[in-house]
Amino acid sequence: MSWSAISWDTARAGGFAAYILLTTAVAAGLVLRNRWQTARWPRLVTNELHGYLSLLALIFIGIHVLAVLVDPFTRFGLGEVLLPFASHYRPIWMGLGAVTLYLLLAVWATSRARRRIGFRTWRAIHYLSYGVYAVATVHGLGTGSDTRSSWALLLYALSILVVVGLAVRRLLVPTATGQRPRPVLAAFAALAVVGVAAWVAVGPLAAHWGVRAGGSAGNRSARVARSRSDTTSSAASGVVPTPFEAAFTGRVAVQPVDQSGRVTVRIDGALSGGTQDHLEIYLRGVPLQDGGVQMEQSRVRMGVARPLYQGEIVGLQGSRMIASLRSASERLRLAITLNLTDDGAASGSVRGTAAGPA
């Protein structure tokens, strides 16, 4: 397994582990607020668990951030990762990840200093934990490479149902004398869930989200026109019909040469015609005097509902590439011809042929 695959999988695993821990921490906090406790599971245990889970979530966020920093393809600078909305790649959705880190850090740190800052100040800051959870959810859905996978969607859905369900119960059922139900806030929480579901349907799950979200790496206004053809056939079956001929339209961005003298090229766009899919190409290598790249590493992903096919470039000559991809059931060979312009536009053609079972 290559270092690129290790760092990429670590970033993904760290992100999901942090999200699961954050969900559990928020749920434990809501259990405390709902005053659910037994002799076997007293309030003190739940309170300690709540703090411990928050710390673990911070640790795994750190792992997630570190893996993103060292990934040879993402090549994010330290400022891009730590400064909200400074990223050249999906700046809004990546920026929400940095916001999550700082909000959670503030909540956890003030919880450790609760006696010094006072209960009222601590409680006011601790309400940010709900914002932490909301921002983390939108960050994961908006920028996660696994968002379109059924298991990831199920994970997000279960997490939201648990947290919002506990929050609504807390708002509708008073737990102390003098408290009143808050049906308006409960209704707002329920509407927020509906809003997130609608956004996911027209955003992350829609065709060409990578381009519309800023996936062209560096051009926030990049947009690719959606095809009017039905885009569900290949997504539903998980197999792209072959052979096919498709037109490609997208964007290209070249990151500055790094300290090792290497450059990373990102090509991100949409296929139309023989298949309607999203195609991402990453190249890394030594820049040439004629503007080309002596490729050392590559990554290619193609899919609509999820990354149906993943692989690498096995042949590169100028703007012509040969890619070898595989899905869970078959291997695919792509012959890619691109035309690149000075303003970052990319167009061309892609021919796909089956290369046998996976």
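Quick notes on this one:
- Taking the range 59-140 as the region of interest, the helices (runs of 4 or more DSSP H) fully inside it that hold 2 or more residues being within 30 Å of Pro256 (Cα to Cα) and modelled with pLDDT of 90 or more are 91-112.
- Among the residues of the range 283-312, those that are part of a loop (DSSP other than H, G, I, E, B) and buried (at least 16 other Cβ atoms within 10 Å of the Cβ) comprise Gly292, Val304, Ala305, Arg306, Pro307, Leu308.
- The single condition from (1) at pLDDT 90 or above; (2) surrounded by 21 or more Cβ atoms within 10 Å (Cβ to Cβ) that Gly348 fails is (2).
- One residue from Leu158, Leu166 being surrounded by fewer than 18 Cβ atoms within 10 Å (Cβ to Cβ) and either out of contact with any strand residue (DSSP E or B) (no Cβ under 7 Å at 6 or more places or on another chain) or not in a helix (DSSP H, G or I) (or both): Leu158
- Pick from the range 159-215, criterion modelled with pLDDT of 90 or more, in contact with a helix residue (DSSP H, G or I) (Cβ under 6 Å, 6 or more places away or on another chain) and among the small types (Gly, Ala, Ser), ranking: farthest from Leu308 (Cα to Cα): Ala186
- Qualifying residue in the range 249-256 (condition: at pLDDT below 85, outside any loop (DSSP other than H, G, I, E, B) and not assigned by TED's automatic domain parsing to the domain that holds Thr337): no
- Summed over the range 313-358, the residues that are touching a residue at least 24 places away in the same chain (Cβ under 8 Å), more than 14 Å from Val252 (Cβ to Cβ) and not in a loop (DSSP other than H, G, I, E, B) give a count of 19.
- Being of a type in the set (Gly, Ala, Ser) and surrounded by fewer than 17 Cβ atoms within 10 Å (Cβ to Cβ) is a property that Ala186 lacks.
- Within the range 301-344, the residues that satisfy the criterion of being over 16 Å from Glu280 (Cβ atoms) and out of contact with any strand residue (DSSP E or B) (no Cβ under 6 Å at 6 or more places or on another chain) are Gln317, Gly318, Ala328, Ser329, Thr341, Asp342, Asp343.
The values are calculated or read from the model by the stated rules, or taken from the named source; none is laboratory data. For clarity, every value in this text was computed on a predicted model and none was experimentally measured. Reconstructed Cβ throughout: ideal geometry from the backbone, glycine too, with neighbour counts over all protein chains shown.
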